[in-house]
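J.: Once you've had a glance at the structure underneath, I'll fire off some questions.
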Amino acid sequence: MPAGGPIGQVGYVIGKQQLKLAVDRNRLKRMLREAVRLRRPALDRFDIVLRLRRGCPPARITAVGAEAAKLLDALTTARAQ
């Protein structure tokens, strides 16, 4: 455990019902992990679960990743204020 306190954990929930192919689920998870990694110092105090609630076509995976990044940005800026 670092001297500054505990580091938050991140979980990813992407079911087969939302994205049928494992390749697509793994691609989205990689995108989400990268979005969290880029914002990590600001997210250390949070435990976060990123969950895909509705299905999306594989062509929209990039848009879903961008939306998650935008939501994480909103979380970090709200925390900073």
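Every read-out reported here was derived from the displayed coordinates using simple, explicitly stated rules and does not represent laboratory data. Everything numeric in this text was worked out from a predicted model, so none of it was measured. Here the Cβ is made from the backbone with ideal geometry for all residues, glycine too, and neighbour counts use every protein chain on show.
J.: Compute the orientation-averaged projected area for the chain from the convex hull of its Cα atoms and round it to one decimal in nm².
T.: Orientation-averaged projected area of the Cα hull: 5.6 nm².
J.: Continuing with the same structure: If each residue of separation counts as 0.36 nm, what is the full-extension length gain between Ala63 and Ile48 once their alpha-carbon separation is subtracted?
T.: Stretched fully, the Ala63-Ile48 segment lengthens by 3.4 nm.
J.: Sorted by packing (mean other beta-carbon atoms within 10 Å per residue), highest first, where do 53-60, 22-29, 6-13 land?
T.: Taking the mean over residues of other Cβ atoms within 10 Å, the ranking is 22-29, 6-13, 53-60.
J.: Continuing with the same structure: Of Leu50, Gln18, Leu38, which is farthest along the charge dipole of the chain in the positive direction, counting Lys and Arg as +1 and Asp and Glu as -1 at C-beta?
T.: After comparing all options, I get Gln18.
J.: Taking amide H atoms as placed 1.01 Å from N in the peptide plane, list the residues 5 or more away in sequence, or in a different chain, whose amide H sits under 5 Å from that of Ile48.
T.: For Ile48, the qualifying residues are Gln9, Val10, Gly11.
J.: Let me spell out the model: positive unit charges on the Cβ of Lys and Arg, negative unit charges on the Cβ of Asp and Glu, origin at the Cα centre of the chain. What dipole size does that give, in debye rounded to 20?
T.: 320 debye
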